[in-house]
Amino acid sequence: MAISCSYYLEDCDTRELPRRFLEAFAAILSHSNYAPVLDAAARMKARCSRCAVSCQVYQATGELRDIPCERSELLLKVYRRYFTLSGNLKARLGGGFVLTDEHINRMAEDFYRCTACRRCKFDCPMGIDHGLITHLGRWILAELGLTPKALVVATREQLEGKTLNTSAIPVPAMKDTCEFLVEDCEDLHGLKIDFPVDVEGAEYVFFAAVSDYLMEPDTLMGNAAVMMATSGSWTIGSGDFDGINYGLFYSDRMLDRIVSAEVAEVKRLKAKKILIGECGHASRSAKFFVPTFCGGDKAPPVVNIMEYTYDQWQAGKLKLKKGVIKERVTYHDPCNISRSGWITEQPREILKHICADFVEMTPNREDNYCCGGGGGTVSVDEIREFRTLIGGKTKAEQIRRTGAKICVSPCANCKKQVAEVCEDHKLDCRVSGLHDLILLAIDAPDFMKIPKSDENEPADAGIKEA
């Protein structure tokens with residue numbers, strides 16, 4: 001199956017694509033540390049295809065183009081020809097590969113068939129990181145203007161637009177949403193919560209995926225309930241409240257600018273740490289690249305909300321009721337927080353406590369399968385059929401085998417993708433965030449409890465159906 005994305009082509013002279021591609025490639029190699037990685041991979045020439053067994057896209061299509069090492073070869077071939085001595089000598093003798101428009105167009109499609117989950121690295125006998133090579137290829141293409149329009153438009157709004165976030169939510173609308181959630185949490189759950197905004201000197205500045213304000217009210221209420229119950233010192237910044245970072249998917253330049261804006265907001269509010277909500281790619285972007293671009297050891301520490309919640313629960317500062325979620329629950333590991341082994345056990349321990357029937361997908365943790373919408377592809381709606389029926393086929397089979405009615409998927413991108421996978425594969429399973437269920441299981445301190453009136457439903461109604 002071919003995929004078709006709308007690409008952003010402003011100021012891109014397509015008549016000179018090869019020259020521009022090589023100029024961008026050379027500039028990136030000169031001003032980054034990709035050169036040693038590429039040089040090692042290019043010398044190995046490893047194309048044994050063992051990586052094919054770990055790629056869910058190849059498993060679904062069986063097409064040669066979807067074997068990770070074959071895709072990486074598209075870029076490595078260019079590197080060998082134009083950036084190594086042997087390649088230049090071969091060309092002078094009248095032989096060798098020549099970069100063409102057709103080759104660039106193939107890279108533009110094939111690099112976005114990859115979910116960049118990096119699972120294939122585990123099966124490569126030489127340890128080649130094909131996901132990293134895919135990312136580099138996308139970055140070079142981005143410098144030419146060859147990037148799916150959905151990613152570029154959202155990133156431009158985040159960095160240069162009036163709202164400075166990918167969903168174009170004005171600050172007054174964000175504040176209104178938070179006020180509505182405070183009221184909803186009181187009405188539905190009998191709990192008092194708060195969303196502090198622009199509080200100077202807080203310990204944490206909170207960056208959720210901005211889409212949570214539009215589509216994940218229970219996740220946000222759960223986040224706020226945990227912070228209230230533990231007397232956490234936190235605030236949302238009105239200058240920057242979007243944790244999404246599409247630069248992770250296609251451009252290190254954008255990645256740098258976005259995490260730098262987060263750090264600037266922390267400094268503006270005289271805070272100490274960055275607290276990321278339930279979003280895998282937002283978490284990885286901050287955790288690994290705030291130190292890279294913003295001061296190393298002097299950069300603000302980055303904490304994921306699931307880490308915070310788990311630590312508070314273990315310390316006895318957060319009380320959770322045991323076994324209150326009665327339906328069968330399974331857990332999807334977002335690649336961006338699990339592939340490195342960073343966050344795998346914390347959500348599981350919580351779910352095993354609050355769920356009466358928790359089951360695992362297989363494989364899981366570091367060896368999990370991607371939801372099928374990784375690498376930013378979930379944001380490209382015109383390739384939904386490819387994402388869910390091809391990229392998401394393996395994930396659908398995993399969920400079906402568990403028999404779960406609830407799939408906890410603590411990542412904004414994964415939530416959207418897994419929900420669409422369940423819909424397109426006719427699975428009787430709904431998607432939830434971890435804190436959606438924590439909200440139902442929290443044993444709140446007295447200062448959070450709203451007195452019940454006779455005409456209202458009990459605050460814990462619906463727990464058994466959750």
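Read the figures in this text as sums done on the coordinates, not as results from a lab. Computed from a predicted structure; not experimentally measured. Positions of Cβ are backbone-derived with ideal geometry, glycine not excepted, and every protein chain shown enters the neighbour counts.
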Whole-number percent relative contact order across the chain, with pairs defined as alpha carbons under 8 Å at least 6 apart: 16
Leu214-Val199 pseudo-label distance in nm [points 7 Å out on the Cα-to-Cβ vector]: 2.8
Contour excess over end-to-end distance, with Cα ends at Lys192 and Glu109 and 0.36 nm allotted per residue: 25.0 nm
Positive-end residue, the chain charge dipole about Cα centroid, Cβ charges, pick of Val418, Ser231, Thr309: Val418
Approximate spin-label separation Asp428-Lys149, in nm, with each point projected 7 Å along Cα-to-Cβ: 4.1
Total formal charge among the other residues, if their Cβ is under 9 angstrom from that of Ile442, Lys/Arg +1 and Asp/Glu -1: +1
Near-label residues of segment 281-315 by backbone N, under 19 Å of a point 7 Å along Cα→Cβ of Val37: 281-296
Rel. contact order, % - alpha carbon contacts under 8 angstrom, at least six apart, segment 259-359: 27
Alpha-carbon Rg/Rh ratio, for segment 178-252, with Rh computed the Kirkwood way: 1.02
Mean ellipticity per residue at 222 nm, deg cm²/dmol - from DSSP H runs of n ≥ 4 across the chain, formula -39500 (n - 2.57): -14000 deg cm²/dmol
Gyration tensor verdict on segment 258-305 (Cα atoms; rounded if a/c is under 1.5, prolate if a/b is larger than b/c, oblate otherwise): oblate
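Using DSSP, restrict attention to beta bridges with both residues in the chain and report what percent are antiparallel, rounded to the nearest 5.
10
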Phe447-Ser238 FRET efficiency (beta carbon distance; Förster radius 30 Å; 0.05 resolution): 0.65
Rel. contact order, % - alpha carbon contacts under 8 angstrom, at least six apart, segment 14-147: 31
5 angstrom amide H check on Phe207, placed H, neighbours 5+ away: Leu275, Ile276, Gly277
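Please work out the Cα convex hull volume for the chain and give it in Å³ per residue.
142
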Nitroxide proxy distance, nm - points 7 Å out along Cα→Cβ at Leu22 and Ala173: 4.6
Span from the segment 315-352 Cα centroid across to the segment 362-403 one, whole angstrom: 20
Length gained when the stretch Glu385-Arg400 is fully extended (0.36 nm per residue, less Cα-Cα span): 3.5 nm
Compactness index (Cα Rg / 2.2 N^0.38 Å), segment 14-147: 1.02
Ratio Rg/Rh [Cα only; Rh per Kirkwood] for segment 160-314: 0.95
Cα Rg over Rh - segment 329-448, Kirkwood: 0.99
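Are there GluC sites (Glu not before Pro) in segment 186-290 that DSSP puts in a loop and that have at most 11 other Cβ atoms within 10 Å, and which ones?
Glu200
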FRET efficiency, 1/(1 + (r/R0)^6) with R0 30 Å, evaluated for Arg65 and Met126 via beta carbons: 0.90
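Taking 0.36 nm per intervening residue step and subtracting the Cα-Cα distance, what contour gain separates Lys270 from Gln314 on full extension?
Extra length available between Lys270 and Gln314 comes to 13.0 nm.
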